[in-house]
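Inspection log for the structure reproduced underneath, given as structure tokens.
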Ligand code: CP
Ligand code: NVA
């Protein structure tokens with residue numbers, strides 16, 4: 001454990017909320033949980049979940065992670081709580097702080113998550129916003145570390161939309177010194193603020209590369225990663241985006257341009273034969289389901305850091 005644990009009682013709203021040492025610590029802890037090398041108990045601690053968007057992996061992995069720590073979870077469905085009827089965030093946050101020990105929130109505007117964090121006296125975790133998906137990035141880099149045992153010389157290429165998943169991959173990749181390449185259609189580049197922050201973290205080495213050419217980007221890559229072209233909340237842009245992203249599918253031909261031992265990642269859910277072909281998803285190089293499992297181990301580690309004294 002890092003001593004003193006600087007993550008205790010902190011929020012995790014962004015990959016920017018943790019340092020390089022803290023990410024490495026969380027990943028080490030996650031590996032220890034996964035290999036059953038440690039047993040940390042947070043008996044009677046309660047995790048509140050507020051999900052304004054659908055979720056399978058994040059919700060269930062948080063529930064199981066908390067249960068493995070000896071605690072419990074309360075799933076506050078916005079439709080059946082007063083949240084969905086417009087109770088102000090500042091009221092909900094102050095009330096839930098008195099019942100729960102930590103709260104994970106999935107919502108649209110990142111500013112709403114920040115508003116919860118402002119009023120909550122308990123740690124708030126970003127379970128995905130339109131801007132970031134930092135818990136996903138922890139599991140992604142855990143999966144990469146399991147494969148390559150080091151981040152040095154790893155080249156990760158994300159092919160697709162410069163979205164929330166890409167943003168957290170960029171920021172966490174910058175903390176870990178990983179070369180991150182983004183290949184997206186023109187107009188779908190990552191948020192300039194995220195790019196600027198990543199460049200500040202990388203300092204001298206410019207290890208973040210943004211291009212509009214997936215074939216050039218994957219050349220020599222060790223990790224190929226993609227996500228849906230239309231994220232939750234973008235349902236009305238689906239037709240337009242399907243056209244704009246033509247040529248950005250991870251298919252067997254594109255995979256052959258990467259390093260021969262390259263692994264394939266996808267945060268899921270996937271639309272087969274849109275952003276990734278069925279053959280690539282089911283190929284030997286795919287680590288997609290190991291990556292999904294790692295959500296649970298990474299979040300168990302994160303929770304244990306935030307809940308510890
Ligand atoms: N990857 C991910 O966050 O999946 P869910 O939307 O199912 O939680
Ligand atoms: N970018 C996707 C990720 C889903 C886990 C979305 O926001 O819908």
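The values are calculated or read from the model by the stated rules, or taken from the named source; none is laboratory data. Just so it is clear, the model here is predicted, and its values are computed rather than measured. Please note: Cβ atoms are built from the backbone with ideal geometry, for glycine as well, and neighbour counts cover all protein chains shown.
The number of residues in the stretch 230-253 that are outside any loop (DSSP other than H, G, I, E, B), under 23 Å from the mean Cα position of the chain (by Cα) and over 18 Å from residue 108 (Cβ atoms) comes to 1. For the stretch 61-83, check the following and say yes or no: at least one residue is surrounded by 22 or more Cβ atoms within 10 Å (Cβ to Cβ), under 22 Å from residue 190 (Cβ atoms) and within 16 Å of ligand 2 (Cβ to nearest atom). So far as the stretch 61-83 goes, no, none of its residues is surrounded by 22 or more Cβ atoms within 10 Å (Cβ to Cβ), under 22 Å from residue 190 (Cβ atoms) and within 16 Å of ligand 2 (Cβ to nearest atom).
The residues in the stretch 163-188 that are away from ligand 2 (no atom under 16 Å from the Cβ), surrounded by fewer than 24 Cβ atoms within 10 Å (Cβ to Cβ) and closer than 21 Å to residue 129 by Cα can be counted, and the count is 2.
The condition of being part of a loop (DSSP other than H, G, I, E, B), crowded, with 16+ Cβ neighbours inside 10 Å, modelled with pLDDT of 95 or more and more than 16 Å from ligand 2 (Cβ to nearest atom) holds for only one of 270, 258, that being 258.
Among residues of the stretch 280-309 that are more than 14 Å from residue 145 (Cα to Cα) and within 16 Å of ligand 2 (Cβ to nearest atom), those with a Cβ under 6 angstrom from a residue that is modelled with pLDDT of 95 or more and part of a loop (DSSP other than H, G, I, E, B), sequence gap 6+ or separate chain, pair up as 292/268. Filtering 250, 288, 201, 264 for residues that are crowded, with 19+ Cβ neighbours inside 10 Å, within 16 Å of ligand 1 (Cβ to nearest atom) and over 19 Å from residue 55 (Cβ atoms) leaves a single hit, 264. In the stretch 204-229, the residue that is nearest to the chain's Cα centre (by Cα) out of those that are modelled with pLDDT of 95 or more and surrounded by fewer than 15 Cβ atoms within 10 Å (Cβ to Cβ) is 209. Looking for something in a loop (DSSP other than H, G, I, E, B), touching a strand residue (DSSP E or B) at 6+ places or on another chain (Cβ under 9 Å) and either within 14 Å of ligand 1 (Cβ to nearest atom) or under 30 Å from residue 152 (Cα atoms) (or both) - is there at least one such residue anywhere in the stretch 40-48? Scanning the stretch 40-48 turns up no residue that is in a loop (DSSP other than H, G, I, E, B), touching a strand residue (DSSP E or B) at 6+ places or on another chain (Cβ under 9 Å) and either within 14 Å of ligand 1 (Cβ to nearest atom) or under 30 Å from residue 152 (Cα atoms) (or both).
Yes/no matrix, rows are residues, columns are (1) free of Cβ contacts under 8 Å to residues at least 40 places away in the same chain; (2) under 14 Å from residue 106 (Cβ atoms):
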position	(1), (2)
55	no, yes
58	no, yes
61	no, yes
75	yes, yes
88	yes, no
91	yes, no
